[in-house]
Every structure is written in structure tokens, then in C-alpha cells.
Amino acid sequence: MLRYLLNYLLGYVTIEINGFSVMRFINMAIHRKIPLWDIEEDTPGIIRAKILVKNFKELKYCIKKTKCKVRIIKKIGLPFFFHRYRKRKVLFLGALFFIGAIYTLSFFIWRIEIVGYDRISYDEISSFTKEHGLDLGTFKPAINRAELEKALLYNFSDIAYINVDIRGTRAIIHIAETLPPVEIIDTLTPSNIVATKEALIETISVSTGTPMVGPGDIVGPGDVLVSGQITSVDDMGMENAQYVPSNAKIEGRIFYSINFTVSKLYDVPNFTGEEKHQYSINIAGLTFNFFRNNNFYNFYENYDTITSRHQLNFGVDYPLPIILISHTTREYTYVTIERTPEEMEEKAIVMVTEFILRDLDFDVEILQKNIQTNKTEEGLDVEVLLITLENIGVIEYLEKGPANDQNTTPDRNPN
């Protein structure tokens, strides 16, 4: 590739060699170290080859000795281009201006990429870097990468490692986030365990605390399942209360009743094939529309718009501040489709599955799933009963602590 570019800059020609001593001509040229390449036999007695312009005159000796004829059949390279358009000064000035403009634009950032983020949003990082001197159109020598990396690490606690890499006109921000925080369970503060949902207690296993319910009991949200107050009786028959952090595993049966209707008829979009196109170009943040039509989105009653963006670049690392934008609006109409009984049943199963995935935790055990259907003129009425086994206890901390433990009975010697 580099050799081809060098030959193009110096200029070369394709020659045709004709005569009775063609092979002697080639051998003589090689012996005199005249560079020829892409040597091939066109027809018997005629050979084609390529040679640099500056070496072409050196072939005179070979032509004289071998009596061969040499004819130039093609001229390739920058010198011939300049010679061909030597009178078009405006063209050369425009080319020089274009090259100068591209060279000047290479000193600025025209694309910012952020990779490796998950918990942190793209907009948060982008806004922060913009406030700290890294934005589209920023002069590259003015970017202090070390200071920007320190600022990002200081202001975002979820970032463990960051690297700001400048490649050409691209700025690539590599992020490695910290591990997700581990939930810390307070084992010192006294607490109760209360119910989160209405449930039928299935099992209860208490490590610390006083159980307030047992298997078979029905509880509601907020009911105390395990109390952090432990009452003991001393030798004098007096009751003493001690407060401890409750610890227990409590599982309950929860009943879900779901009712919905799957319609027999439903509308789907059908594209008619009619399209309208709108083109624009964005140059350094300024957008210019071609053949602008103010009614572009009012041609059709129902439409779908597809927008594509293509940023011009010189290779991967040298994007330009020029973005070609295309808007395509496609018309569609609604077509009414009637579901078959089998399709309505399949739709019902899909809707029940979506509810389970959306509203229930992954560790929930489904004990029973009962689906009843009733066909009507409108569609399919569906009644679903779900019975699940879930952990229904949640910790509720008490205001009293070990330092505030008090005797719940009157003082034995009030005087």
C-alpha cells in the first residue's frame, strides 16, 4: 500500500514493448537496474510493464540496442493530474483550502465514546466531562487528561478505574465500575420482623426474637411476625423485657387473582409502501436541511419515521464534524385481524407469563397456577389464580436499644 502511494505521488506510466527482442529488452533493463513492475505478456511479442516517469528516459539505451518499440499507453499519478488541470487555479485553491481545513479540524475532538459504564448513566458522565473541558469541538492540547480522570474518580464513587484516551479526533473514556455494594445487615439494633403482604403462614423458623404467629395463621401487611422483645421472669416473679435484633425465616402462601380479557379482534399496522424522504447535514453542531418541507410529518395520518446518521471520517480515529442525516417517513394503515381460539389461548398464557416475570421476584416458588377461560363474542375472558410461596418478613428497627432496656414492672421498693 505504501509503495503504491509513493509511486502515485512520483507518477508512473504503463508502457507497451513490441519487437523481436522483447525478452532481451527486459533483461537489459533489469541489468541496468531500471525498475519495472507488473510485467506481463499481452500478446505474443508484446509485453506491458510499469515504470516511474523519472526512469523512463533511461530506456533509450535499451531501445537502441534491441531495436524494440516502446509506447506509453497510460499515465498515472499526481504529476499528470497537476499537469492536466494546471490552468484551473480555483480548483487547486479549493483543494488546498480543503486540505488545510481537514488538517485544522484534526486538532479538535469530534467524537466522544464512553465504554464500560453500567450503573452510571451516559448522560451523567457526558455532562460532567463537558463541564470539565471535554466536549465536541474541544481543542485537543487544552485537554488535561490527568485532571479529568481525577475529577471523575472523585465525583463518581461507582468508578474504580478510568482512562481518557485521545486517538485522532476521538476521545474514548474507558470506565471500570466498582463491585455492587453488599447489603449490610445490622445485627446489633433491636428489631421486629413484620409482614410485607397478606399471606397464610407456611413455615416459621426463629433464631432470635419472640414468634408472634405460627403455621396456619393469616397475616396482613405490617403485622408483627417476630417481636424483638423477649420477656423473662426473675426469681421474684417480676417480668423483665429485653430487646434484641430479630432473626427468622418466614415463608407464607400468597394468593394472586388476575382477571383480563383477550380480544378476538385486534389492529396491526400494515405499511402501504408510500415513503417520503428528508435529508439534512450537521456541521459542527449546526443543522442544514435540504429541500426543507414544513409538512414533512403531515403527509400521512399514520406513519413511522426512521432516522439514520452517518458521520464522515478519515479512518476510524479521524471522524469529522460532518454528519449526514436521513429521515424516512413510511405510511401505514391499520388492518383488523381476528384471532383463532388457539391464538387467544396462547396470548392468554403469554400475558400470565409476563405478569409473573414483571411482578414476582425470581426466588418466588409457584405452588399452583390455575387458569380458567370463558369464550365470549368479544374474545376470551381469563381468570387466573396463582398460589406462591414467598419470604414475607422484613426487618423493622425498634426505637429502643440495649442502653434503653427498662424493666416493664413497677419498682419493687418505690419508697
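The values are calculated or read from the model by the stated rules, or taken from the named source; none is laboratory data. Note that this is a predicted model, so its numbers are computed, not measured. Here the Cβ positions follow ideal geometry from the backbone for every residue, glycine too, while neighbour counts run over all protein chains shown.
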State yes or no: is GLY252 more than 49 Å from the chain's Cα centre (by Cα) and at pLDDT 90 or above?
no
Subset of the range 127-185 [under 30 Å from LEU312 (Cβ atoms), part of a loop (DSSP other than H, G, I, E, B) and not hydrophobic (A, V, I, L, M, F, W, C)]
HIS132, GLY133, ASP135, GLY137, THR138, ASN144, GLY168, THR169
Enumeration of residues in the range 232-252 that are more than 16 Å from ILE395 (Cβ to Cβ) and either in contact with a His (Cβ under 6 Å, 6 or more places away or on another chain) or among the aliphatic types (A, V, I, L, M) (or both)
VAL233, MET236, MET238, ALA241
Could you tell me whether the range 170-183 includes any residue that is closer than 22 Å to ASN391 by Cα and either surrounded by 15 or more Cβ atoms within 10 Å (Cβ to Cβ) or without any contact (Cβ under 8 Å) to a residue 40 or more places away in the chain (or both)?
yes
Residues satisfying the stated conditions in the range 60-85, i.e. among the charged types (D, E, K, R) and in contact (Cβ under 8 Å) with a residue 24 or more places away in the chain:
LYS65, LYS67, LYS69, ARG71, LYS74, LYS75
Please give the number of the condition GLU202 fails out of (1) in the same structural domain as TRP110 (by TED's automatic domain parsing); (2) part of a strand (DSSP E or B).
(1)
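For every residue, the table says whether it meets (1) modelled with pLDDT under 95; (2) of a type in the set (Gly, Ala, Ser); (3) closer than 26 Å to LEU367 by Cβ.
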{"position": "GLY222", "(1), (2), (3)": "yes, yes, yes"}
{"position": "GLN229", "(1), (2), (3)": "yes, no, no"}
{"position": "ASP235", "(1), (2), (3)": "yes, no, no"}
{"position": "PHE260", "(1), (2), (3)": "yes, no, yes"}
{"position": "SER263", "(1), (2), (3)": "yes, yes, no"}
{"position": "PHE271", "(1), (2), (3)": "yes, no, no"}
{"position": "GLN278", "(1), (2), (3)": "yes, no, no"}
{"position": "ILE281", "(1), (2), (3)": "yes, no, no"}
Can you find a residue in the range 148-163 that is among the β-branched types (Val, Ile, Thr), touching an Asp or Glu at 6+ places or on another chain (Cβ under 7 Å) and in the same structural domain as THR104 (by TED's automatic domain parsing)?
yes
When you look at ARG111, is it under 29 Å from GLY315 (Cα atoms), within 48 Å of the chain's Cα centre (by Cα) and not small (Gly, Ala, Ser), yes or no?
yes
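Per-residue answers, yes or no, for (1) in the same structural domain as ILE175 (by TED's automatic domain parsing); (2) surrounded by fewer than 14 Cβ atoms within 10 Å (Cβ to Cβ); (3) out of contact with any Asp or Glu (no Cβ under 9 Å at 6 or more places or on another chain):
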residue	(1), (2), (3)
ILE26	no, no, yes
ILE30	no, yes, yes
ASP42	no, yes, no
LYS50	no, no, no
GLU58	no, no, yes
VAL70	no, no, no
GLY94	yes, yes, yes
ILE109	yes, no, no
Looking only at the range 67-75, decide whether some residue is under 55 Å from the mean Cα position of the chain (by Cα), assigned to a strand (DSSP E or B), among the basic types (Lys, Arg) and more than 30 Å from ARG145 (Cβ to Cβ).
yes
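To keep it simple, each residue is scored yes or no on (1) over 17 Å from ASN18 (Cα atoms); (2) touching a residue at least 24 places away in the same chain (Cβ under 8 Å); (3) of a type in the set (Gly, Ala, Ser); (4) not in a strand (DSSP E or B).
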residue	(1), (2), (3), (4)
ALA49	no, yes, yes, no
GLU58	yes, yes, no, yes
LYS87	yes, no, no, yes
GLY94	yes, no, yes, yes
THR104	yes, no, no, yes
Name every residue in the range 246-260 that is closer than 18 Å to ASN192 by Cα, in a strand (DSSP E or B) and out of contact with any Asp or Glu (no Cβ under 7 Å at 6 or more places or on another chain), in order of residue number.
ASN247, ALA248, LYS249, ILE250
Which numbered condition THR328 misses (of (1) surrounded by 13 or more Cβ atoms within 10 Å (Cβ to Cβ); (2) out of contact with any Lys or Arg (no Cβ under 8 Å at 6 or more places or on another chain); (3) polar (S, T, N, Q))
(2)
For the condition in contact with a strand residue (DSSP E or B) (Cβ under 7 Å, 6 or more places away or on another chain) and aliphatic (A, V, I, L, M), what is the one hit in ILE185, ILE166, ILE159?
ILE159
ILE281 passes all but one of (1) exposed (fewer than 13 other Cβ atoms within 10 Å of the Cβ); (2) under 29 Å from the mean Cα position of the chain (by Cα); which number fails?
(1)
